[in-house]
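Everything below concerns the one structure shown next.
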Amino acid sequence: MAAQIEREFSGVVAWYGLSTEAWWAMVRVRGGLRLVEAAGPSELREAIVTARGWSWPR
C-alpha cells in the first residue's frame, strides 16, 4: 500500500510504522519537508494533499 501511495504522489515517501501502528509520509511543502501521520491509507492521502495545514502530531 505504501508503494501505491508513493506512485500516486510524486516525491512522497510513505510507510506504515509497525511500532506506532500509524501511516506516515514525508511530503515536500513550500519551504521544506513535512512529516504527516494518519490512521489509515485514505487518511494519509488526505494528509499528503493538505500537508501544510495537516494537524500533526495528533
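Things worth noting here:
- Since only 3, 25, 15 are under comparison, the one whose Cα sits farthest along the positive direction of the charge dipole of the chain, derived from C-beta charges on Lys, Arg, Asp and Glu, is 25.
- In Å, descending, principal axis extents of the Cα set of the chain: 29, 26, 16
- Additional length obtainable on full extension of the chain from residue 52 to residue 8, 0.36 nm per residue less Cα span: 14.0 nm
- Neighbour-limited loop hits for GluC sites (Glu not before Pro), the chain (at most 15 other Cβ within 10 Å; DSSP other than H, G, I, E, B): 21
Throughout, read-outs are computed from the coordinates displayed, never taken from laboratory work. These numbers come from a predicted model, not from an experiment. Here the Cβ is made from the backbone with ideal geometry for all residues, glycine too, and neighbour counts use every protein chain on show.
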